[in-house]
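**Student:** Okay, handing you the structure first.
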Amino acid sequence: MAKRALITGITGQDGAYLARLLLDKGYDVFGAVRRTASINSWRLEEAGVADRVQLVELDMLEFSNILRVVEKVGPDEVYNLAAQSFVATSFEQPIYTAGVDGVGVTMLLEAIRACGANSRFYQASTSEMFGKVKEVPQTEDTPFHPRSPYGVAKLYGHWITVNYRESYGLHACSGILFNHESPLRGTEFVTRKITLALSRLKQGKGGAVRLGNLDAKRDWGYAEDYVAGMWLMLQHSQPDDYVLATGETHSVREFVELTGRALGMDIEWQGEGVETVGIDRTTGRTVVEVDPRFFRPAEVDLLLGSPRKAIDVLGWKHTISFQGLVEMMVKADYDRVASGTLRF
Ligand code: NAP
Ligand code: GDP
């Protein structure tokens, strides 16, 4: 009989890629969506899985609903990807973020426990929990110091997952994933914001992109590689916590420069601080400006992960380089803008 997987957050970036991976492996995939006026299904459509997943209504803030869904689906594997996932919004909506990203995880774990279901459980934890980093690179043993309500809420989700594993013997894993991007990334995140804005600018359909902290550094990987790691965690006989990362870090500035290069621009930086601008030397046009509205009350300056444990224990590896990732995202956005097929 086919295995049954329940994915919360199936309409998000990772949800679409994970659904495709599991369907290709022969799973019956149940995708949890929250009720809205119209379902945000563009990623499922672009990933080619919209007709192959079975959607169920689920909101991470409603225990009775979560319990009924877990009872009805009877999943072999639960992937908890649902979250208010944008750090900047978490400063504006800290209480909502705590509910969905923190307490919501407990609701899902309690539902699994209450149903007596033998489901394996994956929790989407994050490198944002390392925040003001205590060592470089960060590993599973690095102490946490989150710098946003998002990071704090996710830290609760991480520890409650560990606690249910230790208390009740659940096969529950926490994947501490570093930033991962793709053509399906939300446009509010800095990578997609850059590839989309510069693709528009190149085609005469928009002006300079306005960014915040250009010097923040992230360990950016490709989302499809990372969802494969989620699946590997749940296939291992012993539940555990794993970092997934590329082991390389790059600044927002570098991301802008490579995006420019992929579009035939040659971006040079002029000025300091909020006066910094990025000029395309081939046209003399300003293509990047700094806008303090995008600064954060507390910043995560540098993330760099060590995926050693995932490589050694799970045989996981990333397949797309930083440059390959930027070029893939630029191509997708350039083509969408050119053909008028851009969806959000
Ligand atoms: P995403 O694109 O923002 O997707 C988030 C998903 O959560 C969406 O499907 C969203 O539904 C759903 N959701 C939000 N609030 C909900 C609620 N109250 N009830 C039910 N569903 C709700 O995020 P992603 O990039 O795919 O990331 C997947 C998970 O990994 C998230 O938990 C994220 O925090 C975590 N993570 C991501 C990264 C990364 O770099 N991408 C790194 C580490 C950890 P709508 O479509 O209706 O909004
Ligand atoms: P995060 O690592 O989950 O916060 O992912 P983001 O893509 O939102 O941000 C990555 C880094 O880029 C952070 O350090 C941001 O401060 C920085 N950044 C600089 N300018 C921007 C911007 O305009 N939008 C976003 N989202 N981030 C920006």
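**Student:** Can you give the net charge of the other residues whose Cβ lies under 14 Å from the Cβ of residue 171, counting K and R as +1 and D and E as -1?
**Tutor:** That sum, taken over residues with Cβ under 14 Å, equals -1.
**Student:** I would also like to ask the following. Taking the alpha carbon gyration tensor of the stretch 71-205, what are the square roots of 5 times its eigenvalues, largest first, to the nearest whole Å?
**Tutor:** Equivalent ellipsoid of the stretch 71-205: 30, 19, 14 Å, largest first.
**Student:** Counting DSSP beta bridges in the chain, what percent are antiparallel, to the nearest 5?
**Tutor:** If we restrict to bridges inside the chain, about 25 percent are antiparallel.
**Student:** For the stretch 208-219, just list the computed ³J(HN,Hα) in residue order, Karplus coefficients 6.51, -1.76 and 1.60, θ = phi - 60°, integers in Hz, with x standing in for Gly and Pro.
**Tutor:** My calculation for the stretch 208-219 gives 4, 8, 9, 10, x, 6, 7, 9, 4, 10, 10, 9 Hz in order.
**Student:** Heads up, I need the accessible area for residue 189: 1.4 angstrom probe, whole protein in place, Å², nearest 10.
**Tutor:** Rounded to the nearest 10, that gives 30 Å².
**Student:** I need the GluC sites (Glu not before Pro) found in the stretch 74-160, filtered to DSSP loop residues with at most 14 other beta carbons within 10 Å of theirs.
**Tutor:** Answer in residue order: 135.
**Student:** Moving on. Mind grabbing the accessible area of residue 51 for me, 1.4 Å probe, Å², rounded to tens?
**Tutor:** 150
**Student:** Next question. Please list, in chain and number order, the residues 5+ apart from residue 209 or on another chain whose amide H is under 5 Å from its amide H, with Hs placed from the backbone.
**Tutor:** So residue 209 has HN proximity to 288, 289.
**Student:** Sum -39500 (n - 2.57) across every DSSP H segment of at least 4 residues in the chain, then divide by the residue count to get the 222 nm mean residue ellipticity, nearest 500.
**Tutor:** -11000 deg cm²/dmol
**Student:** On a C-alpha basis, how far is the centre of the stretch 30-84 from the centre of the stretch 251-304 in Å? Whole number, if you could?
**Tutor:** A separation of 37 Å, based on Cα centres.
**Student:** Please enumerate, by chain and number, the lysines with C-alpha under 30 Å from the C-alpha of residue 3, excluding those fewer than 8 residues away in the same chain.
**Tutor:** Qualifying lysines at Cα under 30 Å: 25, 72, 154, 309, 317.
**Student:** Still on this structure, I have one more. Magnitude of the Cβ-charge dipole of the stretch 220-298, K/R +1 and D/E -1, about the Cα centre, nearest 20 debye?
**Tutor:** Dipole of the stretch 220-298, to the nearest 20 debye: 180 debye.
**Student:** Any idea what the alpha-carbon Rg over 2.2 N^0.38 Å comes to for the stretch 210-249?
**Tutor:** Against the empirical 2.2 N^0.38 Å value, I get 1.60 for the stretch 210-249.
**Student:** Post the alpha-carbon centroid distance, the stretch 309-327 to the stretch 178-232, in whole angstrom.
**Tutor:** Distance between centres, Cα-based: 17 Å.
**Student:** Right, something else. If we count every other residue with Cβ under 12 angstrom of residue 57's Cβ, Lys/Arg +1 and Asp/Glu -1, where does the sum land?
**Tutor:** The answer is +2.
**Student:** Provide the net charge surrounding residue 159, with neighbours chosen by a C-beta distance below 13 Å and charges set as Lys +1, Arg +1, Asp -1, Glu -1.
**Tutor:** -1
**Student:** If you consider only alpha-carbon coordinates, what radius of gyration and Dmax does the chain have, in Å?
**Tutor:** Rg and Dmax of the chain, Cα atoms, are 20.0, 65 Å.
**Student:** Can you list residues from other chains, or at least 5 along the same chain, whose modelled amide H is less than 5 Å from the amide H of residue 126?
**Tutor:** Under 5 Å from the amide H of residue 126: 177.
The values are calculated or read from the model by the stated rules, or taken from the named source; none is laboratory data. All figures in this text were calculated on a predicted structure; none of them were measured in a lab. Quick reminder, even Gly has a Cβ in these numbers, built from the backbone with ideal geometry, and neighbours come from all protein chains shown. Accessible surface is based on the protein model in full, side chains and every heavy atom, while ligands, DNA and RNA are left aside. Shrake-Rupley method; radii C 1.70, N 1.55, O 1.52, S 1.80 Å.
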